[in-house]
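The values are calculated or read from the model by the stated rules, or taken from the named source; none is laboratory data. Every value quoted in this text rests on a predicted model; they were computed, and no experiment measured them. Ideal geometry is used to build each Cβ from the backbone, glycine not excepted, and the neighbour counts take in all protein chains shown. The protein model used for the area step is the full one, side chains on, heavy atoms only, and it has no ligands, DNA or RNA in it. Shrake-Rupley method; radii C 1.70, N 1.55, O 1.52, S 1.80 Å.
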There are 2 protein chains.
Amino acid sequence: MPNHPLDSFFSPGSIAIIGASRDDRKIPGLLLTFLRRNGFAGKIYPVNPSCDSIGDLICYPSIAAIGEAVDLAIVIIPARAVLGALQECAAAGVKNAIVISSGFAEEGGESADMQARIAELARRTGMRISGPNAEGFHNEPQRIAATFSPTVDVKPDAPRLLATPRRVGIIAQSGGIGFAIYNRAKAMGVAVSKVISTGNESDLAAGEFLDYLAQDSDTDAILMFIEGIRDPQTFMAAAQRAAESGKPVIVTKVGRSGAGERAAASHTASMAGWTAAYDAVFAKYGFIVSHDLDEAVAIAAAFASAPPPRGDRVAIVTVSGGAGAWMADTLAAEGLQIPELPDALQAQVRALIPSYGSPRNPVDITAQAVHSGGLQTIVELLERSPDVDVIVVVVSLSSETRIPVKQDEIRPLIAAQRKPILFFTYTLPSQFARTELAASGIVAFPGLAAFGRAVSRLVRRSEFSLGWSAAADGPGPVLPRGPVPARLSEHESKLLLREAGIAVPQGVLVRDVSALAAALSEMTFPVAMKIQSRDIPHKSEAGGVRINVGELVEAAAIFDELIAHARRFKPEAGIDGVLVEPMARPGVEMIVGTVNDGTFGPIVMVGLGGIATELFRDVVYRPAPVDAAQALAMIGELKSAALLRGFRGSPKADTAALAALITHVSRLAADMKDSVSEIEINPVRIHEEGAGITIVDALIAGRG
Amino acid sequence: MPNHPLDSFFSPGSIAIIGASRDDRKIPGLLLTFLRRNGFAGKIYPVNPSCDSIGDLICYPSIAAIGEAVDLAIVIIPARAVLGALQECAAAGVKNAIVISSGFAEEGGESADMQARIAELARRTGMRISGPNAEGFHNEPQRIAATFSPTVDVKPDAPRLLATPRRVGIIAQSGGIGFAIYNRAKAMGVAVSKVISTGNESDLAAGEFLDYLAQDSDTDAILMFIEGIRDPQTFMAAAQRAAESGKPVIVTKVGRSGAGERAAASHTASMAGWTAAYDAVFAKYGFIVSHDLDEAVAIAAAFASAPPPRGDRVAIVTVSGGAGAWMADTLAAEGLQIPELPDALQAQVRALIPSYGSPRNPVDITAQAVHSGGLQTIVELLERSPDVDVIVVVVSLSSETRIPVKQDEIRPLIAAQRKPILFFTYTLPSQFARTELAASGIVAFPGLAAFGRAVSRLVRRSEFSLGWSAAADGPGPVLPRGPVPARLSEHESKLLLREAGIAVPQGVLVRDVSALAAALSEMTFPVAMKIQSRDIPHKSEAGGVRINVGELVEAAAIFDELIAHARRFKPEAGIDGVLVEPMARPGVEMIVGTVNDGTFGPIVMVGLGGIATELFRDVVYRPAPVDAAQALAMIGELKSAALLRGFRGSPKADTAALAALITHVSRLAADMKDSVSEIEINPVRIHEEGAGITIVDALIAGRG
C-alpha cells in the first residue's frame, strides 16, 4: 500500500490515553487493558493529572508533559473538557485523535456547537480527529486494539480461529454494530483487518475510512454499516477506488423507515437521507447491499474464503436428503443453476455412495458415505468437472468429537481450490468442528438463507462492471442557459429537452383558436390536444387532455372545451394555450426521470410506466450521469424488462433508444444540477427495435 | 388430551430394539445408548440372535422370545430382513414399529415393492408402522429418545436450557432436518415436546402425526418440514384441528425448484407436488410458511415464549443506537408500526437515560443506562403503556461474566407479561448469557432478519381467522351433468358457467354469416366478434378476435375474415362459428381460475389480468371451495388490490361481486372435480362499486 494520510492513525508508534484510569470496570480502564492485552508494541502514555502511574506505566499530568511525539491520542473525559484537551494535543504536535466521549451533536444545542468547534480545530491545525461519540478501532493483524469494546477482549480459552486466507475490513457508523460484526465474523473464523467505529464524524468520516481500506493491503473485502454519509464526494471517490481495486464492498444502510431514521438521527446526529439515492450509488459501484447482520457477515465470509466462480452452476453434496433439497430450493430461489450432473460424472459418484443415495445433484451421499471417505473424493471429482462452477457441501457439524471430513484429505483440496468449495451445516457447529475445519481453511456457514445469499452474491459479483468513463459518450448535451423556473409546462419542458438535443414530437403550441387551422395544416390527423399551464402539472385531472382528435372542426370545439375545463379547474391558473401533437405510435410505456438528492446530487431513474411503478415499485436508480452500458444495465434490472424483450409474441422494443434517452437525460441533469431540480418524462413510448422512442409527456422543475 | 391411537407409539411402556448391538459407534448401538442415557423409564428388550446380553440387558433371539407385550419395536436390520421381522412383530402382538433401515422406495424397483408390502402388512394387521428410512422420534418431556440422532445425546457439561413456558412439536419428512431444528431450538432454550422423523411413510404419514400433535397437551406450537404430503385428506383434517385449537403451525415445504424436487424425490421417495397448491392449503389453515431454518425456529420460539399481542405497535429499547435503527428498519419492512412514544411516556423515560440517549422510539438508553438499572424500569413503563403492543429489547450478550439485566428485577416482569417482551442480541450470545436469561424465562434471539419475521408473524397470527363454514353460503351451484370434453370453446365454457348460475354476457354464436343480422338485431353496437373452436384456445394469436365492430355491413365482412384467418391458422380446426357479444364496459381486468392439484384437489386462483400476473406473479391461491370472506381475504392479499380500492382517483371497484365470482367458481370446481379439470376466466372486468362484473373470456377444460 502506498503511503496514506491515515497510516499514523491506524498504525501509531505511540498512543496517549487522555483520561486513563486504573478502574477496568469502566471505559477508560477497559481501553488501556484491551490495548495492552492485545499486545500493542508501541509506547503507551496514560494522561491523568490525578495519578502518577497505572500499573507499570507512568501517568502524565498533561499531553504536553509527555515530551515525546505522539501519533494518536485517545480522549475519554467529560464532554465539556474535550475541546480544551484537543487544543493541547494539537499544540503538542499530536498527529491524530479519537474522541470516545459522548454528548455532542447527538444531543443538539450547545453540545452540537462544541462538536462544530472540534471540527474547526481539525481543519485549522491539520490534526485528524475521529469521533466524538466513537468506539475507536481495532487493527487486528498489527494487534492495536484502540477501543473499549469487550469484543476485542482476548480469551485464552477461545483462541482466535482463522479460516480464511483473506481479510475483511469493517467500517461502522455505530460502534455497537461494527464490533458486533467483528464478534460474528470471529466466531465464523473470518480474518479481519480493521474494525472502525466512526462516531459523530466531526472530521474523519466514513468516506475517508473507505478510501483507506480501499488501499489497505491487509484488506481484501469491506463491510460497511451506514446511517448517513457526511462526506459524499470523498465517499464516491473511495467507492470508485474500491471498485477499481476489485475489493467487494458489502453495505448496510439504515434509516430506511421513519423510525429507523429517527433512531439514526438521534444516535450519531446523521441525516439518514433518501435511501433510493444511496441504493443508486451502491448499485453504481457494485456494492452488495444487505439488510441482515448474519447475511452481511456470510457474504463477507464467502468473499474472504473462496475464489471467484466462473459461472452459476452449483453442485450440492449433502449427507441429508432433506437438507440438500432445502439448499437446492434456497439457491434456485437466488437464481442459481443446480443442473443435473452429466451421466459420466454420475456414474463415478454412484460408485462412492450407498444404493439409496443419489448422484444427480443434489448429490445425496447419505450419512454412511461420510464414514467411507466418499465425501472428499466426490468433492475432488466436482472440482475437476467443467460442468460445475461452485461446490456446496451440506453437512452436520454438531458433534463435539467428530467432523465429517478427513483433515489431511480435505486441506490440500481447499488450499488448491480453483472454484468455490463452501460448507453449510444444518446443525449448529460445535466449537470442536469450527476449530477443526478452520485448520483446513474451511468456514462453516450455519445460516441457510444467509448462505444462499452469499453464494448468489459471490456469483453475481463477477458480472459487475464499473462501466462509465466520462469521455466514452462523446460531447455532452448542449446546455440551455440562464435560470429555469420552478415549474415548466409540458411545452416548455419539451423545448428545453429539444434545446439539449433530445428529440420530442413536432408539436405546436396554439395560443388562440384562430391559429389552430394553420397549426393543423402541418400535421396528420389524428392528433392529441393538451392544455398548457405551469399551474396545472396534472393535465388529465383537470380534463385538459383529448386524444385521437380526427379533424379541424372537432379540434376547434375541443380547443374551447380544454380552455374552459382549465378555467373551471383552477380559475387563477395562467394558461399558455393548447399543445397540439400528432398521436404517438404505440409502444411500451416507460418513465425516465431525475431528481437532485441532498447528499449525492442528481439521480436518474427508469421504470415501467403506468400502474406498475407505483404498485410494484419496479424502478431502478443510478447517480447521474450514466453511460449507455450503465443505462442498459439499469433497464436489465427492471422486472418489467421482459416487456421490452418481446413479451407474449410482441416485437422486441428499441431498448438502445431508451438507453440513449436515459444517458442523455442523466447528463442533462448532472450538467444542469444548479438550475434544474427534477426531470420527469412520463410516459415515453418505446417502439419496436430500430423505430426509436416517442416522448409523450415531460415535466421539468427548475430552481427558479 | 383425549386418547389418541398413537399414544402407545409416543409413550410406550416397553420398547424392543430389533438389531440391537453393543457397538455404540454404529446406529443400532447409538440408539440403545441414547434411549438409556435420556432416562427411558419403561422396559427395553434388545433383540439379536447373535448375543445373549448387552450390558445389563438380556438380549432376545427373536421378538417372540420376549414373551411380554411390546408397545414399540424399533427395527434396524438390513432392508431385505425387515418385512420378515415386522411380520414376526405383528404375530407377537407388537402395537407399533419404527423402521430405521434404508433401501426401500427411495431406491425404486424391487426395494419399492418391499415397502409396498410393509404398508400392506400395516393395513392388514393394524400394527402401526413408521418409516422405513426414518430417524425415529424424541419425546423430550417423557424422556423417550427413540432415535440415533446425535442431537439427543445428553451432555453433562451443557445442561438443557428451558427458557419458554410452552413447548414446540417438530414433524419432519427428513430426519436430518427434524433433529437439526431440535438442535437449534435447544440452543435457544426453546422447550420441545416431540421431534418426529417420518421417513418414507409406508403407513404412518405426516398428516397423522400432525393430527397427534394438534391434540397433544404437551404441544403448543408445531414446526413442520415437508417434502410431499402422502395423506392429504388426513393432513387437511389435522390442519383444521390445529387451527381450531389455536396452535400455530410453522411450515417449510421444499421441492420448490426443479433441483429441490429431484432431491426430495430421491430422498424419501415423495412426490414434491405443485407448490402453489401447498401454499394455498397452508394459507387456508393459517400456517406460517418459512423458507429458512433459523427463521422457522425463531418464529416457533416467539410463539413458545410470548403471549399474543393485541396490535402491531412495537416499542424498541436499545443499548446501541445503530442496532436500534437497524431493528426499526427491519420491523418496519415487515409492516409493523414503531410509533414515536407519547410525550408523557417520553418524559418518564428521559429521566432514566443519559442526556445523549433518546426516549422517542427506538428508546436509546445507551450502554450507560444498563448499569444504572434503567432497562428494567423502562420495560416496566412500556408494559403498562396502552400505546405499546410489543416490546423489543436490543442488547449485547457476548460477555461471559455479565448480562445487561438484573435477574431478580426482570424475572417477575417476564413471568407476568401481558404483551410480548422479546430480546434480540446484536453480538452472539455467550453460553453464560443464555443460561442466565433462560433462568428468567427469556429467549435471546441472535438473528436479526429471523427475529423481525418472528415478531411480524406473532402479530399477524392474531389476524387469522379460519372463516369457512360449509353451510354459510346457501345452496351450491346447479351442476351441469355428464362428462365435460377435454377442451371447451369460449362459447361452450360460458354456457356451462351460465348453467351453473354464473352470469355471462348475452352473446350469440353465429354459425353462418346469414344468421348475423338476426343475432345483431338484439344487440347494441359496438360489438365484439370472436372465432369459436375447441382447437383454437388462443383466439388472438389466430387473428380470431375483433372488437368495437360498429355496424352490420362491417360485421359481415369481419365474420368472413375471422373464419378465413382461423382456416389459415389451423386448417384442421373444427370451427363452430363466431361469438358475437356486446362490448364489455370498462373495468379493472382480473383473472379467476381453478386447477385440480394431484395432491389437494381443486385450487382456486385470483390475480390481476394482463401482464402483471406473469411479470410480477401477483396471484393468490386457495383450496376450493372458499366462502365470500375467504375470497375477500384472497383479493386483499394481492398487491394489485390497490387498483380495486380506487387507484389514483378512479372509482372503487365492485370487490364484492368479484368475491362472489371467486366463491361461485370455487364451488363449481370443487363439486365438478371429477368432470372438470380447469376453469380460466380471463379477463373478467370489475366495474365500479355496485355495477358488478363482466366475464369477457372463459375457458373450461374437462376430463372428457
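Look at (1) part of a loop (DSSP other than H, G, I, E, B); (2) closer than 27 Å to B:Val319 by Cβ; (3) away from chain B (no Cβ under 14 Å) and you find that A:Ile74 fails only one, number (1). Right, A:Leu161: over 23 Å from A:Ala112 (Cα atoms), over 21 Å from the mean Cα position of the chain (by Cα) and not polar (S, T, N, Q) or not? Considered against the rule, which asks whether it is over 23 Å from A:Ala112 (Cα atoms), over 21 Å from the mean Cα position of the chain (by Cα) and not polar (S, T, N, Q), A:Leu161 comes out as yes.
If we only count strands (runs of 3 or more DSSP E) wholly inside the stretch A:662-704, which ones have 2 or more residues that are touching a helix residue (DSSP H, G or I) at 6+ places or on another chain (Cβ under 7 Å) and over 19 Å from A:Leu579 (Cα atoms)? Show your work before the answer.
Values: elements: A:676-686, A:693-695, A:698-702.
Per the criteria, A:676-686.
Taking the listed residues B:Ala122, B:Ala134, the one that is open to solvent by less than 10 Å² (accessible area, probe 1.4 Å), more than 26 Å from the chain's Cα centre (by Cα) and in contact (Cβ under 8 Å) with a residue 24 or more places away in the chain is B:Ala122, with no other qualifying.
In this structure, B:Tyr182 does satisfy being within 12 Å of chain A (Cβ to nearest Cβ) and over 17 Å from the mean Cα position of the chain (by Cα). In the stretch B:593-610, the residue that is most open to solvent (accessible area, probe 1.4 Å) out of those that are touching a strand residue (DSSP E or B) at 6+ places or on another chain (Cβ under 9 Å) and of a type in the set (Val, Ile, Thr) is B:Val595. Taken over the stretch B:134-179, residues that are in contact with a strand residue (DSSP E or B) (Cβ under 6 Å, 6 or more places away or on another chain) and more than 9 Å from chain A (Cβ to nearest Cβ) amount to 18. Residues of the stretch B:128-146 include none that is at pLDDT below 95 and acidic (Asp, Glu).
Identify all residues within the stretch B:443-459 that are open to solvent by 10 Å² or more (accessible area, probe 1.4 Å) and out of contact with any Gly (no Cβ under 8 Å at 6 or more places or on another chain); write none if there are none. B:Pro446, B:Ala449, B:Ala450, B:Arg453, B:Arg457 - these are the residues of the stretch B:443-459 that are open to solvent by 10 Å² or more (accessible area, probe 1.4 Å) and out of contact with any Gly (no Cβ under 8 Å at 6 or more places or on another chain).
Answer yes or no: is there a residue in the stretch A:302-313 that is more than 10 Å from chain B (Cβ to nearest Cβ), of a type outside the set (Ser, Thr, Tyr), open to solvent by 10 Å² or more (accessible area, probe 1.4 Å) and in a strand (DSSP E or B). Taking every residue of the stretch A:302-313 in turn, at least one turns out to be more than 10 Å from chain B (Cβ to nearest Cβ), of a type outside the set (Ser, Thr, Tyr), open to solvent by 10 Å² or more (accessible area, probe 1.4 Å) and in a strand (DSSP E or B).
In the stretch B:315-336, the qualifying residues are those that are of a type outside the set (Val, Ile, Thr) and more than 19 Å from A:Thr275 (Cβ to Cβ), and the one that is farthest from the other protein chains (Cβ to nearest Cβ) is B:Ala315. Can you find, within the stretch B:415-426, the residue that is least open to solvent (accessible area, probe 1.4 Å) among those that are in a loop (DSSP other than H, G, I, E, B) and more than 14 Å from chain A (Cβ to nearest Cβ)? By that ranking, first place goes to B:Pro420.
The number of residues in the stretch A:338-357 being part of a helix (DSSP H, G or I) and open to solvent by 50 Å² or more (accessible area, probe 1.4 Å) comes to 5. Within the stretch B:365-414, the residues that satisfy the criterion of being open to solvent by less than 50 Å² (accessible area, probe 1.4 Å) and hydroxyl-bearing (Ser, Thr, Tyr) are B:Thr366, B:Ser385, B:Ser396, B:Ser398, B:Ser399.
For the stretch B:252-264, does any single residue satisfy the condition of being assigned to a helix (DSSP H, G or I), of a type in the set (A, V, I, L, M) and surrounded by fewer than 24 Cβ atoms within 10 Å (Cβ to Cβ)? Checked against the condition, which is being assigned to a helix (DSSP H, G or I), of a type in the set (A, V, I, L, M) and surrounded by fewer than 24 Cβ atoms within 10 Å (Cβ to Cβ), the stretch B:252-264 yields no hits at all.
Considering the stretch B:265-289, and only residues there that are crowded, with 24+ Cβ neighbours inside 10 Å and among the polar types (S, T, N, Q), the residue that is modelled with the highest pLDDT turns out to be B:Thr268. For the stretch A:99-108, state whether one or more residues are in a loop (DSSP other than H, G, I, E, B), under 26 Å from the mean Cα position of the chain (by Cα) and within 30 Å of A:Thr435 (Cα to Cα). For the stretch A:99-108, residues in a loop (DSSP other than H, G, I, E, B), under 26 Å from the mean Cα position of the chain (by Cα) and within 30 Å of A:Thr435 (Cα to Cα): absent. Take the conditions (1) open to solvent by 10 Å² or more (accessible area, probe 1.4 Å); (2) out of contact with any Asp or Glu (no Cβ under 8 Å at 6 or more places or on another chain); B:Arg37 misses just one of them, which is (2). So, B:Glu400, is that one closer than 30 Å to A:Ala187 by Cα, within 34 Å of the chain's Cα centre (by Cα) and within 14 Å of another protein chain (Cβ to nearest Cβ) or not? So B:Glu400 fails the test. Being polar (S, T, N, Q) and at pLDDT 95 or above is the filter here, so list the residues in the stretch A:632-666 that pass it. Those that are polar (S, T, N, Q) and at pLDDT 95 or above: A:Thr655, A:Thr663, A:Ser666. Of the residues making up the stretch B:337-355, those that are within 10 Å of another protein chain (Cβ to nearest Cβ) and in contact (Cβ under 8 Å) with a residue 24 or more places away in the chain are B:Gln337, B:Ile338, B:Pro339.
This table checks each residue for (1) in a helix (DSSP H, G or I); (2) within 13 Å of chain B (Cβ to nearest Cβ).
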residue: A:Gln376; (1), (2): yes, no
residue: A:Val394; (1), (2): no, yes
residue: A:Pro404; (1), (2): no, yes
residue: A:Asp408; (1), (2): yes, no
residue: A:Leu428; (1), (2): no, yes
residue: A:Ala433; (1), (2): yes, yes
residue: A:Gly441; (1), (2): no, no
residue: A:Val459; (1), (2): yes, no
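Taking the criterion of being out of contact with any strand residue (DSSP E or B) (no Cβ under 9 Å at 6 or more places or on another chain), among the hydrophobic types (A, V, I, L, M, F, W, C) and open to solvent by 30 Å² or more (accessible area, probe 1.4 Å), the only residue of the stretch B:51-66 that qualifies is B:Ala64. Would you please name the residue that is surrounded by the fewest Cβ atoms within 10 Å (Cβ to Cβ), looking only at residues in the stretch B:185-229 that are over 20 Å from B:Pro150 (Cβ atoms), within 14 Å of chain A (Cβ to nearest Cβ) and within 17 Å of the chain's Cα centre (by Cα)? Among those residues, the one meeting the criterion is B:Gly228.
Residues that are among the acidic types (Asp, Glu), within 14 Å of chain A (Cβ to nearest Cβ) and over 17 Å from B:Gly690 (Cα atoms): does the stretch B:613-624 have at least one? Yes, the stretch B:613-624 contains at least one residue that is among the acidic types (Asp, Glu), within 14 Å of chain A (Cβ to nearest Cβ) and over 17 Å from B:Gly690 (Cα atoms).
Taken as a whole, the stretch B:651-660 holds at least one residue that is among the hydrophobic types (A, V, I, L, M, F, W, C), within 14 Å of another protein chain (Cβ to nearest Cβ) and part of a strand (DSSP E or B).
Restricting attention to the stretch A:543-585, which residues are open to solvent by 50 Å² or more (accessible area, probe 1.4 Å), part of a loop (DSSP other than H, G, I, E, B) and touching a Pro at 6+ places or on another chain (Cβ under 7 Å)? Residue satisfying the conditions is A:Met583 alone.
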